[in-house]
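Taking it in order: structure first as structure tokens, then the write-up.
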Amino acid sequence: MKSSDSFLMVIKDNKIDSGNIDSLFNSVRNLLFNGYKNIFLDMNNVESVDNSFLNFLEKSGDHVDLNLFNLNSNIMSVLFITKFDKFVKIYNAETDAKEALKPIIKRNFSLVS
């Protein structure tokens, strides 16, 4: 990954919902238009998300590589159970995300015969 096409965004809100999702979506869209292809979202401050965040992940995942880190266990569970983790890469920490090391969730299944 080239650092020139990557951007780190710290989410300062304690929740992501329909009241602030447009701001996040517009920020990511502007980054994409400016040539950033890898967006790293530090979710340390975020305590909860609603379905507008899930929709954001689905729409954005087609256009940009979203990398989330510092998620709390509730948000991580929501992403896993709803299978929205397939739209993003999830890491424990910023270092892991930037180096693409140790993603938390991998949905690689194979059939055993």
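Throughout, read-outs are computed from the coordinates displayed, never taken from laboratory work. It should be emphasised that the depicted structure is a prediction, and the values quoted were computed from it without experimental measurement. So basically every Cβ, Gly included, is an ideal-geometry build from the backbone, and we count neighbours across all protein chains shown.
Here is how the numbers come out for the structure above:
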| item | result |
| --- | --- |
| Taking all pairs of distinct alpha-carbon atoms in segment 3-98, Kirkwood radius in angstrom | 13.2 Å |
| Value of [θ]222 nm, deg cm²/dmol, for the chain, DSSP H segments ≥ 4, -39500 (n - 2.57) each, nearest 500 | -9500 deg cm²/dmol |
| Charge dipole magnitude, Cβ of K and R +1, D and E -1 - the chain, Cα centre, debye nearest 20 | 340 debye |
| Relative contact order computed over segment 3-98 (Cα-Cα under 8 Å; 6+ residues apart), in percent | 29 percent |
| Environment charge of D13, counting only residues whose C-beta is closer than 15 Å and scoring Lys/Arg +1, Asp/Glu -1 | -3 |
